[in-house]
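These notes concern the structure reproduced below.
The values are calculated or read from the model by the stated rules, or taken from the named source; none is laboratory data. Small disclaimer: the values here were computed from a predicted structure and weren't measured. No Cβ is skipped: glycine too gets one built from the backbone with ideal geometry, and neighbour counts run over all protein chains shown. Quick note on the areas: whole protein, heavy atoms, side chains included, nothing else; ligands and nucleic acids left out. Shrake-Rupley method; radii C 1.70, N 1.55, O 1.52, S 1.80 Å.
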Amino acid sequence: MKNMSEEMIDFNKFKIEIYTNRETPITKNVNLFYIKDETIDELFVKVYYGEMEIGQGIVLDFYKEFVNIESNGQVFTQIKTFPFHGSAKEKYTHLGNQIYQLKYLKNPPVAQSKRELYINEFVDNINIYMPQLLEITPNLKLAYIPSSLLVPDDIAKELSRLNSLTLESIILKNSGIDSKNITTFEDGIKNSILKYSLNKKLLNFNSTNQYIIIDDVMGSGSSIATVLKKLYDMTQKTNYFFIVAKDVKR
């Protein structure tokens with residue numbers, strides 16, 4: 001039987017604000033807002049459900065390089081490309097290219113030594129922000145959104161080791177549609193409600209904790225928003241997250 005709070009999650013109530021001083025992509029996701037802030041270098045994110053701020057986080061970079069183009073009075077986002085053996089290939093950012101290799105190069109996959117280098121680079125970039133977060137927030141624990149490729153899992157494990165933080169498997173992954181095949185935020189929320197559940201016994205036992213959630217790619221934001229909402233329902237606290245890359249057009 002579904003938890004009542006899960007049945008009552010309303011996608012319309014989510015608002016995701018991304019603050020940055022960089023050019024921002026044009027998106028059809030009406031729940032996501034880019035806000036220019038010249039004081040912020042990274043992608044600083046706030047997630048709201050109604051009037052409640054349920055999460056804050058940082059995304060290290062965009063997934064792909066892009067430029068906004070004006071045509072016929074309208075502005076649209078175009079992914080940058082480069083020529084490759086007679087065809088045009090989409091251009092990834094530095095971290096976006098690493099994530100792409102880890103997620104999609106399967107025959108053959110990325111060599112283990114290179115994979116470890118990439119994971120360590122993600123960790124180093126995230127770890128810059130950890131001292132401040134640890135200073136202002138007591139009872140922090142680490143968690144991650146499970147992935148079959150173990151990228152968030154391995155990032156969280158290394159951050160746990162470096163910062164002597166407990167890593168707790170509070171997020172459980174159930175069956176669901178692969179999020180890359182979902183085009184709307186509404187469908188993403190519906191899928192994420194089914195796809196992710198929480199280890200309620202562990203959360204009830206550690207009710208004073210707040211969590212830092214690790215993920216690899218933020219698409220529409222439906223996965224992290226749903227997890228944050230479910231976590232807020234359990235803890236009544238704002239929780240935190242770090243994500244490596246943000247998909248451009250979602």
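Any idea how many residues of region 194-229 are within 18 Å of Ile182 (Cβ to Cβ), among the small types (Gly, Ala, Ser) and free of Cβ contacts under 8 Å to residues at least 40 places away in the same chain?
0
Can you pull out every residue in region 14-28 that is assigned to a strand (DSSP E or B) and within 24 Å of Lys190 (Cβ to Cβ)?
The answer is Phe14, Lys15, Ile16, Glu17, Ile18.
Hey, can you tell me all the residues within region 110-130 that are more than 19 Å from Arg161 (Cβ to Cβ) and surrounded by 16 or more Cβ atoms within 10 Å (Cβ to Cβ)?
If the condition is that a residue be more than 19 Å from Arg161 (Cβ to Cβ) and surrounded by 16 or more Cβ atoms within 10 Å (Cβ to Cβ), then Val110 is the only one that fits.
Would you pick out the residues in region 147-165 that are at pLDDT below 95 and touching a helix residue (DSSP H, G or I) at 6+ places or on another chain (Cβ under 7 Å)?
The answer is Ser147, Leu149.
Does at least one position in region 205-223 carry a residue that is touching a helix residue (DSSP H, G or I) at 6+ places or on another chain (Cβ under 8 Å) and over 21 Å from Val59 (Cα atoms)?
So far as region 205-223 goes, yes, one or more of its residues are touching a helix residue (DSSP H, G or I) at 6+ places or on another chain (Cβ under 8 Å) and over 21 Å from Val59 (Cα atoms).
Any idea which of (1) modelled with pLDDT of 95 or more; (2) closer than 26 Å to Ser148 by Cα is the one Glu53 doesn't satisfy?
All conditions pass for Glu53, except number (2).
Would you tally the residues in region 29-78 being free of Cβ contacts under 8 Å to residues at least 60 places away in the same chain and either part of a strand (DSSP E or B) or open to solvent by 50 Å² or more (accessible area, probe 1.4 Å) (or both)?
Result for region 29-78: 23.
Looking at region 90-109, which of its residues are surrounded by 15 or more Cβ atoms within 10 Å (Cβ to Cβ) and either in a helix (DSSP H, G or I) or modelled with pLDDT under 95 (or both)?
Glu90, Leu95, Gly96, Asn97, Gln98, Ile99, Tyr100, Gln101, Leu102, Lys103
Considering only residues of region 79-89 that are part of a strand (DSSP E or B) and either basic (Lys, Arg) or within 22 Å of the chain's Cα centre (by Cα) (or both), which is nearest to Phe242 (Cα to Cα)?
Among those that are part of a strand (DSSP E or B) and either basic (Lys, Arg) or within 22 Å of the chain's Cα centre (by Cα) (or both), it is Ile79.
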